[in-house]
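S.K.: Just passing along the structure, written as structure tokens.
The values are calculated or read from the model by the stated rules, or taken from the named source; none is laboratory data. Keep in mind that this is a model prediction, so the values were computed, not measured. No Cβ is skipped: glycine too gets one built from the backbone with ideal geometry, and neighbour counts run over all protein chains shown. Surface areas here come from the heavy atoms of the whole protein model, side chains and all, with no ligands, DNA or RNA. Shrake-Rupley method; radii C 1.70, N 1.55, O 1.52, S 1.80 Å.
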Amino acid sequence: MRKMIKQAISVSIAVALLIPSGWFAQNAGAAVAAADEAVTVFHETFANGAGVAGQSGGAKLTPVTGKAFDGNDDGAALYVSNRVNNWDAADFKFSGLGLENGKTYTVTAAVYVDVDETVPDGAKAALQTVESYENYAEASYEAGKAVILTKEFTVDTSKDKALRINSNADGKVVPYYIGDVRITEKVTSGGGEEPPRDPALDFATIAFEDQTAGGFEGRGGVETLTVTDEANHTEGGSYALKVEGRAKDWHGPSLRVEKYVDKGSEYKVTAWVKLIGPSSSQIQLASQIGEGSSANYPELAKKAVSISDGWVMLEGTYRYSSVGNEYLTIYLQSPSADTAFYIDDISFEKLESEPIEIQKDLTPIKNAYQNDFLPTRHLP
Ligand SMILES: [Ca+2]
Ligand SMILES: [Ca+2]
């Protein structure tokens, strides 16, 4: 297996995946997949600023809007300027990307140079992993044109700590835009299909009007959860769930949700909360993915709340690229252990606006576009 991976990498280095700029626009809706099944593990549009991108060398990184180009329909991009050396660039640390050592990923990045820039002969956009400078891909800059850089690579944290999007030496002073960075993971690279999952069940909003806890349990096992008519948020209803007796910041009501999740889909989680005490506190809505040391706890929303606020809505979204070995929860907690509160009208809604990121039976990209690949050099 190890040998096969090494061979695959060698082939990848020898044959850089240079895709004409028009390709991305025509195929913007298709997953860029190098295997039968690819899951997006990181996607940066720069719509909310620089994100996890960090400065390399003396580059200046400036989030911009209104700069639409092929592969960057939303116009939001990161402008990389003030360049003197080819390492004056943007770095994306593996830790910030959420990449794991030993795993194989494919990165695809859309890069653009302004139409009025002077582009020296031989100047090329480039990406690689640093500090090894391996996993190199490049594509010629052309003023006013977008290029798509793509590369499959295996994370080796003994050699590398980040992904760098820069230029070759000939392009060292050319300022450029990065419009979109997507990283996918081959989830079947270990061999064999994952067992099929049942389609997600519909989630009915939990309003506690049936006077049950609706599946909520104390996350710490010591909390007191009581269905009560002391408070209610539901229109025409009477009941809410009272949460008290917490002893730790992470204690609170928790609900298993894996049977409501289609793997790879994005969900909107909404919970209404009413503070009981102390007079002000903070309440967080989060999700737990998996159990034990490998669990993740993405925060979905948090708010500072006062008793006088009455009912307050916490809402956030999360894409379940992993179903945590069939253990997923949504839960509420508070950094102060003495916080007590009511919850009501909890909903868990699949968002249909985004494509499902897991696509099976895709033609491998190197086959689908084999006539579009050009031979290229890679740096030693
Ligand atoms: Ca963008
Ligand atoms: Ca209610």
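S.K.: With only Lys, Arg, Asp and Glu charged, each at its Cβ (+1 for the first two, -1 for the last two), find how big the charge dipole of the range 217-350 is about the Cα centre; round to the nearest 20 debye.
M.R.: On the way: 13 positive and 19 negative charges, 61 e Å.
My answer is approximately 300 debye.
S.K.: Still on this structure: Could you provide, to the nearest whole Å², the per residue accessible area of the range 217-350 with probe 1.4 Å?
M.R.: With all protein chains present, the range 217-350 gives 43 Å² per residue.
S.K.: At a 1.4 Å probe, what is the % contribution of carbon and sulfur to the accessible area of the range 217-350?
M.R.: Values: 2400 of 5720 Å².
Of the solvent-accessible surface of the range 217-350, carbon and sulfur hold 42 percent.
S.K.: Which of the peptides 157-165, 197-205 is most tightly packed, and how do the rest follow, going by the mean number of other Cβ atoms within 10 Å of each residue?
M.R.: On the way: 157-165: 18.2, 197-205: 11.9.
The densest-packed peptide leads the list: 157-165, 197-205.
S.K.: Next question. Given Cβ point charges of +1 (Lys, Arg) and -1 (Asp, Glu) and nothing else, what value in debye, to the nearest 20, does the dipole of the range 250-301 about its Cα centre take?
M.R.: 180 debye
S.K.: Can you give the net charge of the other residues whose Cβ lies under 11 Å from the Cβ of LYS259, counting K and R as +1 and D and E as -1?
M.R.: -3
S.K.: Same structure again: Taking the Cα centre of the range 191-245 as origin, work out the dipole magnitude from +1 charges on Lys and Arg Cβ and -1 charges on Asp and Glu Cβ, in debye rounded to 20.
M.R.: Using only the charged Cβ atoms, the result is roughly 140 debye.
S.K.: Now for a separate question. Skipping prolines and chain starts, which residues have an amide H placed within reach, meaning under 5 Å, of the one on LYS93, given they are 5 or more residues away or on another chain?
M.R.: GLY54, LEU163
S.K.: Can I ask one more? Suppose all protein chains stay in the model; what accessible area per residue would a 1.4 Å probe give for the range 27-143, in Å²? Can you show the working numbers first?
M.R.: Details: 4820 Å² over 117 residues.
Computed with neighbouring chains in place, this is 41 Å² per residue.
S.K.: Once phi is turned into ³J(HN,Hα) by the Karplus curve 6.51 cos²θ - 1.76 cosθ + 1.60 with θ = phi - 60°, what whole-Hz value does each residue of the range 220-232 show in order, with x for glycine and proline?
M.R.: Here the 3J(HN,Hα) series is x, x, 10, 5, 9, 10, 10, 6, 9, 9, 5, 8, 7 Hz.
S.K.: Cut-off under 17 Å on the C-alpha distance; same-chain residues fewer than 8 positions from LYS67 excluded. Which lysines are left, in chain and number order?
M.R.: Output for LYS67: LYS145.
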